[in-house]
1. Mean separation of Cα pairs under 8 Å and 6+ residues apart, divided by the residue count of the chain: what relative contact order is that in percent?
2. Pick out which of Leu84, Leu59, Leu157 has the largest mean-square fluctuation in a Gaussian network model of the chain, springs linking Cα atoms closer than 10 Å.
3. Past 22 Å, Cα to Cα, is the threshold; run Lys11/Lys233; Lys19/Lys141; Lys19/Lys176; Lys147/Lys233; Lys90/Lys141 against it and keep the listed order.
4. Using +1 on the beta carbon of Lys and Arg, -1 on that of Asp and Glu, and nothing else charged, what's the dipole of the range 3-250 about the Cα centre, debye to 20?
5. What's the magnitude of the charge dipole for the range 180-228 around its Cα centre, counting Lys and Arg as +1 and Asp and Glu as -1 at the beta-carbon? Answer in Debye, nearest 20.
6. Just want the answer: with Cβ charges of +1 for Lys and Arg and -1 for Asp and Glu, which residue in Thr136, Gln91, Leu112 is farthest toward the dipole's positive end in the range 82-163?
7. What does the helix-only formula give at 222 nm for the chain: each DSSP H stretch with n ≥ 4 adding -39500 (n - 2.57), the total divided by the residues, and the result rounded to the nearest 500 deg cm²/dmol?
8. Using Cα-only point scatterers and the Debye equation, what is log10 of I(q)/I(0) for the chain at each q in 0.13 Å⁻¹, rounded to two decimals?
Amino acid sequence: MNDFSIKESAKSIFIANVKGGVGKSTLSIMLARALACNLPPQNITVIDTDLQRTTTEFLSASNPEINIEFVPITPAFENTNIALLQQFIKQNSFKNGHIVIIDTPAGTSQRLWNLVAESYCVLIPTSLSNADLAPTESFIKSMDKVKARYNQVYPHLVVCPNKIPFGQKDYSTMAKRLSNHDVVIGPAIRDLASVRHFYNGNYKMNQSENATEDFGRFGDFVNKFVVKGELDKIYHDSKNNLNVVPFSKNN
Ligand SMILES: Nc1ncnc2c1ncn2[C@@H]1O[C@H](COP(=O)(O)OP(=O)(O)OP(=O)(O)O)[C@@H](O)[C@H]1O
Ligand SMILES: [Mg+2]
């Protein structure tokens, strides 16, 4: 085994859901910030594909040391920019230890989903409300079908419970609903006042223990299971190739 094989390979992580307003951009920003606590910021690239530019605007203001690329995927330029996005991901795939986080717009774009299906991992934020869970479940079903059709374990699908009311301990409804799908449930992120403060320009967050705790825990989870490849081991060891692991059981 040479040095190169010991190092972590580059990984692309899409943040996606057909449903709007579930926290895709917030998770993209906060995940990049959390990972930058443990990884050199030059190893992290965030690609903002949403014309709204939320991620670009706020992450460049809060963490200018993290690389950000703005590649809007709009119906008018869909083909050109998806090809560009594909090129960016490919370029970064040659850099060992590099993490590419891609924030995506709400809605459906078959070409974009085809690209998402080629990635390493998809983080799917959703609240516990049926208004979010129903479209989230159908999104997961369509991603699952693609994986099953090609008999592939990638991308790992990770559901990220977001905007969870304080004190909520019971995730059984969600876990039950997703139990027939090939997904992992990541650690929950609560409905945080500090997220609203962040968008009002309070980028520090060090005095806010709740946000530091929730996004810190989420970053640790991604670091262990995605960046360091623990999910691969779970798949590898699993006899039936199914990785339904409710990680947030004890949150
Ligand atoms: N954990 C959280 N706590 C409190 N507010 C949150 C949380 N996550 C997201 N929000 C708020 O929810 C709203 C939508 O979040 P965000 O823009 O990240 O969603 P999105 O999925 O990217 O939306 P879009 O589909 O429009 O791109 C924002 O006002 C954001 O401040
Ligand atoms: Mg967004």
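FYI, it's all coordinate maths here, none of it is from the lab. Here the structure is a predicted model, which is why all the values come from computation and not from measurement. In this analysis, Cβ positions are derived from the backbone assuming ideal geometry, glycine residues included, and neighbour counts consider all displayed protein chains.
1. 22 percent
2. Between Leu84, Leu59, Leu157, it is Leu84 that shows the largest mean-square fluctuation.
3. From Lys11/Lys233; Lys19/Lys141; Lys19/Lys176; Lys147/Lys233; Lys90/Lys141, over 22 Å: Lys90/Lys141.
4. Computed about the Cα centre, the dipole is about 440 debye.
5. 140 debye
6. The listed residue farthest towards the positive side: Gln91.
7. -12000 deg cm²/dmol
8. -0.79
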